[in-house]
Amino acid sequence: MSVSQFVPASPQDIFDLLASPERHPEIDGSGTLRRGLKGPKRLSLGATFGMSMVLHVPYRITNTVVEFEEGKHIGWRHFGGHVWRYLLTPVEGGTLVTEQFDYSTNRANWFLRAMKAIPNNEVAMRKTLLNLAKRFS
């Protein structure tokens, strides 16, 4: 699943925010992220970071950065196997940001379907990208 949004900022400025997990709650469109970062201030390939989350009940999730190209794209996964990634494409006046939820490698697609995660994630991703655009407006 993929959604895109124009953001009036440079790819590097956007990447800097995405590579700082303590800042993710600033743009979260799902309403599930909470403060409480455990991990590095800035992400890199192979880095792990944990976040406090709430989806009906509070929990923590640990992610590992599995894709990283400075200023261009970043992606991470947790124990479920699916990948969240952001692709940054420079365009006139800013950046086209594409957020992807790649569940092709998920270990329990039945669980994603039962939780209605796929359609819910699309809505949340659109909100996240709008929040990102507003952050740089």
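Quick notes on this one:
- Gyration tensor over the Cα atoms of the stretch 2-135: the corresponding equivalent ellipsoid has semi-axes (square roots of 5 times the eigenvalues, largest first) of 22, 17, 15 Å.
- The chain: calculated mean residue ellipticity at 222 nm from DSSP helix runs of at least 4, using -39500 (n - 2.57): -7500 deg cm²/dmol
- Evaluated over the chain, the count of Lys pairs having alpha-carbon atoms less than 27 Å apart is 9 (only pairs 8 or more residues apart or interchain).
- GluC sites (Glu not before Pro) restricted to DSSP loop in the stretch 46-86 with at most 16 other C-beta within 10 Å: Glu70
Values in this text are rule-based calculations from the coordinates and carry no lab data. Everything quoted here is computed from the prediction, not taken from an experiment. A quick note on method: Cβ atoms are made from the backbone with ideal geometry, for glycine too, and the neighbour counts reach across all protein chains shown.
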